[in-house]
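Worksheet for the structure shown next.
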Amino acid sequence: LKWDDWEVLKDSRVKLYTGSPIQNKRGKLHYRQEKVEIDFRLVVIKSQKTNKEFWFLTNEFQLSAKEISDYYRKRWDIEVFFRFLKQELNLSHLVSMNRNGIEVMVYMTMIAAMLLLIYKKANNLGYKTAKRRIAMELRDMITAILIIFAGGDPAKVFKT
């Protein structure tokens with residue numbers, strides 16, 4: 001089976017084995033192999049462009065090999081996106097465990113990412129410089145707002 005630049009090398013039903021820990025008389029830990037009861041599906045595809053093979057293991061037997069590889073590729077895009085959120089935007093943990101709270105946090109982080117990219121492009125800066133400068137400007141703006149609310153004059157704090 002082939003599509004675009006991809007070719008299915010293998011699409012088969014496989015059995016997996018797991019090791020269950022057991023302790024011998026001397027207290028040393030060993031692993032006894034046991035067959036997993038459910039079947040899995042192994043799909044191996046190859047890129048004609050890069051000559052790389054990709055192996056997918058799933059318990060989904062209703063989808064075609066192309067659909068399985070498409071789902072895994074989309075999943076990888078999602079993984080890359082979340083790595084970006086964690087590493088570049090410091091989304092280190094979720095403050096809510098319900099669906100609405102998680103959605104709000106992800107949307108807010110995506111909005112912040114878009115604003116950062118717009119700031120980067122508008123000021124012709126590199127990503128890290130834009131991130132650092134927008135953080136400093138936001139901090140100064142928030143400080144000025146707090147000073148005004150407290151009845152002070154931000155011009156006395158910020159020398160312009």
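The values are calculated or read from the model by the stated rules, or taken from the named source; none is laboratory data. Because the structure is a prediction, the values reported are computed rather than measured. Neighbour counts are summed over all protein chains in view; Cβ atoms, including those assigned to glycine, are modelled from backbone coordinates with ideal geometry. Note: accessible area is taken over every heavy atom of the protein model, side chains too, but ligands, DNA and RNA are not part of it. Shrake-Rupley method; radii C 1.70, N 1.55, O 1.52, S 1.80 Å.
Remarks
- Only one of the listed residues (Met108, Met97, Met114) is assigned to a loop (DSSP other than H, G, I, E, B) and open to solvent by 60 Å² or more (accessible area, probe 1.4 Å). That residue is Met97.
- For first residues located in segment 125-143 and part of a helix (DSSP H, G or I), partners that are surrounded by 11 or more Cβ atoms within 10 Å (Cβ to Cβ) and of a type in the set (Ser, Thr, Tyr) and lie 6+ apart or on another chain with Cβ distances below 7 Å form the pairs Ala130/Tyr119; Ile134/Tyr119.
- Here the condition is being in contact (Cβ under 8 Å) with a residue 12 or more places away in the chain and not polar (S, T, N, Q); of Val95, Val44, it holds for Val44 alone.
- Among the residues listed as Gln33, Gln48, Gln62, Gln23, the single one being more than 30 Å from Val106 (Cα to Cα) and at pLDDT 90 or above: Gln62
- Selected residue (criterion: surrounded by the fewest Cβ atoms within 10 Å (Cβ to Cβ)) from residues of segment 65-78 that are touching a residue at least 40 places away in the same chain (Cβ under 8 Å) and within 30 Å of Met110 (Cβ to Cβ): Lys66
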